[in-house]
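Report on one structure; see the data block that follows.
The values are calculated or read from the model by the stated rules, or taken from the named source; none is laboratory data. None of these values were measured; they are calculated from a predicted model. For neighbour counting, all protein chains shown are included, and Cβ atoms are generated from backbone atoms with ideal geometry for every residue, glycine included. Accessible surface is based on the protein model in full, side chains and every heavy atom, while ligands, DNA and RNA are left aside. Shrake-Rupley method; radii C 1.70, N 1.55, O 1.52, S 1.80 Å.
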Amino acid sequence: DVKVTQSSRYLVKRTGEKVFLECVQDMDHENMFWYRQDPGLGLRLIYFSYDVKMKEKGDIPEGYSVSREKKERFSLILESASTNQTSMYLCASSLINGDAFFGQGTRLTVV
Amino acid sequence: ILNVEQSPQSLHVQEGDSTNFTCSFPSSNFYALHWYRWETAKSPEALFVMTLNGDEKKKGRISATLNTKEGYSYLYIKGSQPEDSATYLCAFSGGYQKVTFGTGTKLQVIP
């Protein structure tokens with residue numbers, strides 16, 4: 001079975017902190033994605049990566065950056081957390097144009 | 001931002017009823033259309049991926065059709081059961097591996 005693991009299930013951070021959300025997949029997938037989920041807005045794409053060291057902006061990249069130094073790991077970085085970044089964050093991986101497999105999600109609260 | 005729309009936003013049906021939802025997406029730069037099922041407190045799980053105009057997929061009581069020329073897909077559930085209660089997401093895969101999700105249709109099946 002494909003496994004996508006996010007480092008934390010719940011996280012509470014202070015405004016202005018630098019926050020790292022880690023995601024690891026074990027199926028050698030080329031593509032990895034970071035989404036955030038907010039009520040009424042569905043899943044919105046923050047960043048994605050189709051190869052090591054490659055990254056592409058999604059629909060809402062402002063305030064975020066990403067890192068993909070190894071194929072299996074895709075990190076989302078909040079450079080200076082703000083309260084409007086309180087959300088559920090979901091990582092996913094897939095083969096090219098294949099089904100996405102999701103992690104369990106990280107519920108981030110910024111206070 | 002790509003426009004991937006789903007309707008209705010939510011739906012309540014009686015057990016045993018059949019139902020269907022719609023996903024509309026851009027008809028240009030089409031690679032694939034995915035359907036996912038998302039149960040509360042779980043991660044989204046893939047149902048179908050369709051790549052060719054006219055594709056039809058079926059899994060048990062759930063089926064899906066695809067029209068890439070006009071940019072829509074239908075998901076059908078025959079004889080809804082309480083365990084079908086979930087949010088159903090469609091996702092459009094266009095050029096450069098970007099995957100954009102719709103906001104979902106939340107289905108509640110009443111016993």
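Please enumerate the residues belonging to segment B:1-18 that are assigned to a strand (DSSP E or B) and crowded, with 20+ Cβ neighbours inside 10 Å. Of everything in segment B:1-18, just one residue is assigned to a strand (DSSP E or B) and crowded, with 20+ Cβ neighbours inside 10 Å, namely B:Gln6. Taking segment B:19-56 only, how many residues are assigned to a strand (DSSP E or B), away from every other protein chain (no Cβ under 12 Å) and either polar (S, T, N, Q) or under 24 Å from A:Tyr89 (Cβ atoms) (or both)? The qualifying residues number 4.
Being within 14 Å of chain B (Cβ to nearest Cβ), part of a loop (DSSP other than H, G, I, E, B), under 22 Å from B:Glu39 (Cα atoms) and open to solvent by less than 50 Å² (accessible area, probe 1.4 Å): is that true of A:Gly40 here? Considered against the rule, which asks whether it is within 14 Å of chain B (Cβ to nearest Cβ), part of a loop (DSSP other than H, G, I, E, B), under 22 Å from B:Glu39 (Cα atoms) and open to solvent by less than 50 Å² (accessible area, probe 1.4 Å), A:Gly40 comes out as no.
When residues in segment B:84-111 are screened for being more than 14 Å from chain A (Cβ to nearest Cβ), open to solvent by 10 Å² or more (accessible area, probe 1.4 Å) and touching a residue at least 60 places away in the same chain (Cβ under 8 Å), 3 of them pass.
Taking only segment A:53-84 into account, find how many residues are open to solvent by less than 50 Å² (accessible area, probe 1.4 Å), free of Cβ contacts under 8 Å to residues at least 60 places away in the same chain and away from every other protein chain (no Cβ under 12 Å). So the count comes out to 10. Can you find even one residue in segment B:76-83 that is assigned to a strand (DSSP E or B), in contact with a Ser or Thr (Cβ under 6 Å, 6 or more places away or on another chain) and open to solvent by less than 60 Å² (accessible area, probe 1.4 Å)? Checked segment B:76-83: at least one residue is assigned to a strand (DSSP E or B), in contact with a Ser or Thr (Cβ under 6 Å, 6 or more places away or on another chain) and open to solvent by less than 60 Å² (accessible area, probe 1.4 Å).
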